[in-house]
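A short worksheet on the structure shown next.
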Amino acid sequence: MIRVRKETAIVILLSVIVTAVSFGVAVRNASSAGTVNCVTDVMNEEAADTPKIAITFDDGPHPFYTEQLLDGLKERGAKASFFVMGKQAEAYPELILRMHEEGHLIGNHTYSHVQLGANNRETFKAELVRTNELLSGITGEEPQYVRPPYGSWDKSFESELMMIPVLWTIDPMDWCSSDVSGIVSKVTGKAQENAVILMHDEYESTVTAALEIVDILQKQGYEFVTVDEILFD
């Protein structure tokens, strides 16, 4: 018969206990890691399945309606893109700063809403530069995106000014209609993933319609994001 000293038996027993405990911890950690990975995978899949859409506003900021719009967007957790005129930004810098602080994109819409034509290229360019300087002076960031009035654009400005033009895919013509339900139906009827909605935040009817649009499309599963997420994600 093999005899084991008492001290040796105790050492062997302790070794077995430590090994068992270590194995149990390893199993639990592995199980926990697997659970975390599964949860992360599900979250990533859900994020990928969420359709994104961008709502944009030109010509502002307006001293009353833009503030009302910002309040509504904040309540709904929706982001927007504002293509502002330099003269309006100059008049209401506090609204530009609020847009920036609340995570909205601020783009350039020239200083006075001038349309690019065959004979005013330098004037148009100067308005973009002036507006960029105004906006960067307020927010500390140089605007990268431009919404050219009426969609008139010269591609060479993209390299000269390092700016990206942003047009639209849905235009409810809100600037010439006060029919809120009509504006809402035009947008929601054409809504699709990665659409860019064109609106103007200087009209009461537009603000009312815009917030209804956000409510309807959020219920349909859309996430309202800034246009850069549509263009580059």
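The values are calculated or read from the model by the stated rules, or taken from the named source; none is laboratory data. Because the structure is predicted, anything quoted here is derived from the model rather than measured. Quick note on the areas: whole protein, heavy atoms, side chains included, nothing else; ligands and nucleic acids left out. Shrake-Rupley method; radii C 1.70, N 1.55, O 1.52, S 1.80 Å.
Which order do you get for Ser159, Ser136, Ser81 if you rank them by accessible area with a 1.4 Å probe, largest at the top? List each step's numbers first, then the result.
Details: Ser159 85, Ser136 30, Ser81 0 Å².
Most to least solvent-accessible, the answer reads Ser159, Ser136, Ser81.
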| field | Candidate aspartates and glutamates for bridging to Lys125, where Cα separation is under 17 Å - those fewer than 8 sequence places away on the same chain excluded | value | Glu133, Glu142, Asp154, Glu158, Glu160
| message | Straight-line reach from Lys155: which aspartates and glutamates fall under 17 Å, measuring Cα to Cα and dropping same-chain residues less than 8 apart? | response | Glu122, Glu127
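Only Cα pairs under 8 Å and at least 6 apart count here; give the relative contact order of the range 148-217 as a rounded whole percent.
On the way: 68 pairs, mean separation 22.1, N = 70.
Once normalised by length, the contact order is 32 percent.
How high is the relative contact order of the range 91-131, given as a whole-number percent (alpha carbon pairs under 8 Å, six or more residues apart)?
On the way: 20 pairs, mean separation 14.8, N = 41.
36 percent.
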| message | With the cut-off at 1.5 for a/c, could you classify the range 76-123 from its C-alpha gyration tensor as rounded, prolate or oblate? | response | prolate
| request: Treating cross-link reach as a plain straight distance, find the lysines whose alpha-carbon is under 22 Å from the alpha-carbon of Lys186, omitting any fewer than eight places away in the same chain. | output: Lys52, Lys79, Lys219
